[in-house]
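**Student:** Can you keep this structure in mind? I'll have questions shortly.
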Number of protein chains: 4
Amino acid sequence: MEPVGRKLWAIAEGYIPATSHGPEPAMRSHETACLLNTGDRAAHVEITVYFADRAPVGPYRVEVPPRRTRHLRFDELHDPEPIPKATDYASVIVSDEPIVVQHTRLDSRQAENALLSTVAFPGDA
Amino acid sequence: MEPVGRKLWAIAEGYIPATSHGPEPAMRSHETACLLNTGDRAAHVEITVYFADRAPVGPYRVEVPPRRTRHLRFDELHDPEPIPKATDYASVIVSDEPIVVQHTRLDSRQAENALLSTVAFPGDA
Amino acid sequence: MEPVGRKLWAIAEGYIPATSHGPEPAMRSHETACLLNTGDRAAHVEITVYFADRAPVGPYRVEVPPRRTRHLRFDELHDPEPIPKATDYASVIVSDEPIVVQHTRLDSRQAENALLSTVAFPGDA
Amino acid sequence: MEPVGRKLWAIAEGYIPATSHGPEPAMRSHETACLLNTGDRAAHVEITVYFADRAPVGPYRVEVPPRRTRHLRFDELHDPEPIPKATDYASVIVSDEPIVVQHTRLDSRQAENALLSTVAFPGDA
């Protein structure tokens, strides 16, 4: 079967709450890019992070092995620099192999957590 | 790289709860259109707001600078008029440059907040 | 401008919780199909509801006036019959004019409400 | 009417929380693939589950009768093996007839439940 997905994805929403309730690390407020590589070759992925008032940062480089999923927490990206908390951002994800990208936030700023999720926007490239 | 996205987007859901719990302004109930412009030129964006029982209002005009994201809160739109609370609405977003649009609501009517999000519907234009 | 959207949409998720907390009717657990008609002609919409273990029911008929949005609560559909609570269902939405459809659930089974939303799946017709 | 949907879908997000609050089974933390078959023939569906650090598992086989919906809970899949809790996964859904797939999580790790949902990513096959 051909690998499923696209090589270019965008997530316009991005916001990592600065505060959390509940046990670490699962219930720490976070956002995730869930990456799925159904193909037979490793996918080399580059993420660029956009902000409201300064130049984009990146690329952050990650690899998704063949026939594996990787749920990448934005609060665990450190190179070239951590993504600041409580700050609007967005991201573009480029892969050398087709992948599928889904975006999720767990928000535990208040005592009970909230969730959001959407498939990312698939680019044409 | 070509800019990612489309020039026409629609969000059929719209509802700004009239009440909130938690610290202002982050936890005030609100809806957001997250706009991402990955291109090299500023995007001039016009938003038209549709209602159930009266003529559409707009355009609301905003600009997204090149290589920036702008997370636009609907409760901060004032010109030509504020969007009423506790009222069903919908929106159409037209840009002169390709952008990506994602829709989000933070609902803090009850003591613990809830979230929803989806990529907006990309039009063909 | 050409009207935005499609004439055929599907929502595979459907479940109206049987219990609720909070003031009526806003916080009663419910699901909504948000319909947006950006065109100059009224959209005549027919909704068919699918179940796990019996024949589909419908069509439910609603009209969306030109340049208006209608946020249709599934718990307010009564003709040909109400949609049962606490029951898995799905829906197909056919319109004679292009519309945009977004699906939402407010779930207040527990004391604090939860939300989900997604743009419906646009069919090819 | 032609059946609505596609024959290949992917859900990059997958995570079944290990803990729950509230009455069983409705409020047990779970994820669901909502499958809708609008056609006149039964859809034979095969689900493959991908992990971060081991080979994919599957196929899990389910059938969706003609003109029916089936909301499949991932925590009720047992053959070839149960999906582990508190573990990142993803899924690919292949059907011999067009179907529509929507993904949902009910997360009741904390006292008040949270929800997420999105239409799955439709493949090209």
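The values are calculated or read from the model by the stated rules, or taken from the named source; none is laboratory data. Being a predicted model, the structure only gives us computed values, none of them experimental. In this analysis, Cβ positions are derived from the backbone assuming ideal geometry, glycine residues included, and neighbour counts consider all displayed protein chains. Just the protein is used for accessible areas: all its heavy atoms, side chains included, with ligands, DNA and RNA removed. Shrake-Rupley method; radii C 1.70, N 1.55, O 1.52, S 1.80 Å.
**Student:** So the label point sits 7 Å from Cα along the Cα-to-Cβ vector; using that for A:T19, what distances do you get to the other copies, in nanometres, sorted shortest first?
**Tutor:** Inter-copy label distances (nm, one decimal, shortest first): 2.2, 2.2, 3.0.
**Student:** Same structure, new question: GNM on chain A, C-alpha springs below 10 Å: top fluctuator among A:V62, A:V94, A:V49?
**Tutor:** Looking only at A:V62, A:V94, A:V49, the largest GNM fluctuation is found for A:V62.
**Student:** Between rounded, prolate and oblate, where does region D:8-47 land on the alpha carbon gyration tensor, with a ≥ b ≥ c its root eigenvalues, rounded for a/c under 1.5, else prolate if a/b exceeds b/c? Don't skip to the answer; put the middle values down first.
**Tutor:** On the way: a/c = 4.00, a/b = 1.92, b/c = 2.08.
In terms of gyration-tensor shape, oblate.
**Student:** Place the label 7 angstrom along Cα→C-beta at A:T87 and in each other copy, then list the distances from the first to the rest in nm, shortest first.
**Tutor:** Nearest to farthest, the other copies are at 3.7, 3.7, 5.2 nm.
**Student:** How much length, in nm to one decimal, is gained on full extension between C:A111 and C:R61, taken as 0.36 nm per residue of separation minus their Cα-Cα distance?
**Tutor:** Values: separation 50, 0.36 × 50 = 18.00 nm, distance 3.38 nm.
Full-extension gain reported as 14.6 nm.
**Student:** Under a point spin-label approximation (7 Å from Cα along Cα-to-Cβ), what is the D:D79-B:T87 distance to one decimal in nm?
**Tutor:** Simple spin-label model gives 5.7 nm for this pair.
**Student:** So what J values fall out for region A:99-111 if you push phi through Karplus, 6.51 cos²θ - 1.76 cosθ + 1.60 with θ = phi - 60°, rounded to Hz, Gly and Pro as x?
**Tutor:** 9, 10, 10, 10, 10, 9, 10, 10, 10, 10, 4, 9, 5
**Student:** Using the Cα gyration tensor of the protein assembly as shown, with a ≥ b ≥ c the square roots of its eigenvalues, what is the shape: rounded (a/c below 1.5), prolate (a/b larger than b/c) or oblate (neither)?
**Tutor:** Details: a/c = 1.22, a/b = 1.00, b/c = 1.22.
Since a/c stays below 1.5, the shape of the protein assembly as shown is classed as rounded.
**Student:** First check a/c for chain A, with a ≥ b ≥ c the square roots of the eigenvalues of its C-alpha gyration tensor; if it is under 1.5, answer rounded, and if not, answer prolate when a/b is larger than b/c or oblate otherwise. Working shown, then result.
**Tutor:** Details: a/c = 2.01, a/b = 1.51, b/c = 1.33.
Here chain A falls in the prolate category.
**Student:** Between B:L115, B:L36, B:L106, which gets the highest mean-square fluctuation from a Gaussian network model of chain B, Cα cutoff 10 Å?
**Tutor:** With Cα springs under 10 Å in chain B, the top fluctuation among B:L115, B:L36, B:L106 is at B:L115.
**Student:** Based on the Cβ-Cβ distance of A:H21 and B:D53, what FRET efficiency does E = 1/(1 + (r/R0)^6) give at R0 = 30 Å, to the nearest 0.05? Show your work: numbers first, answer last.
**Tutor:** Values: r = 41 Å, r/R0 = 1.36.
Given R0 = 30 Å and the Cβ-Cβ separation, E is 0.15.
**Student:** While we're on this one: Under the convention of a label 7 Å out along Cα→Cβ, give the distances in nm from D:A52 to the same position in every other copy, shortest first.
**Tutor:** 3.1, 3.1, 4.4
**Student:** Under 5 Å between amide H atoms, partner at least 5 residues away or on a different chain: which partners does C:S29 have, H built in plane at 1.01 Å?
**Tutor:** Close amide H contacts, sequence-distant or interchain: C:H21, C:S108.
**Student:** I've got another one for you. Please give the total accessible area that chains D and C bury against each other, computed with a 1.4 Å probe and expressed in Å² to the nearest 100. Could you put the intermediate results ahead of the total?
**Tutor:** Working: alone 7060 and 7060 Å², together 11650 Å².
Between D and C, the summed buried area is about 2500 Å².
**Student:** Okay, next question. Answer with one residue from B:V101, B:S91, B:A114: the one whose Cα lies farthest towards the positive end of the charge dipole of region B:78-125, charges on Cβ with Lys, Arg +1 and Asp, Glu -1.
**Tutor:** Of the listed residues, the answer is B:A114.
**Student:** Could you work out which residue, out of C:D40, C:D53, C:D75, moves most in a Gaussian network model of chain C, that is, has the largest mean-square fluctuation with Cα springs under 10 Å?
**Tutor:** C:D53
**Student:** Under a Cβ-only charge scheme (Lys and Arg +1, Asp and Glu -1), can you give me the dipole magnitude of the protein assembly as shown about the Cα centre, in debye to the nearest 20? Walk me through the numbers on the way to the answer.
**Tutor:** Values: 52 positive and 72 negative charges, 29 e Å.
Dipole size: approximately 140 debye.
**Student:** Follow-up. About its Cα centre, how strong a charge dipole does chain C have in debye, to the nearest 20, once Lys and Arg get +1 and Asp and Glu get -1 at the Cβ? If you can, show how the numbers build up before the last one.
**Tutor:** Working: 13 positive and 18 negative charges, 37 e Å.
Taking the Cα centre of chain C as origin, the dipole is about 180 debye.
**Student:** To continue, here is another question. Which value in nm describes the separation of the simple spin-label points at D:E2 and B:D96, placed 7 Å from the Cα toward the beta carbon?
**Tutor:** 3.8 nm
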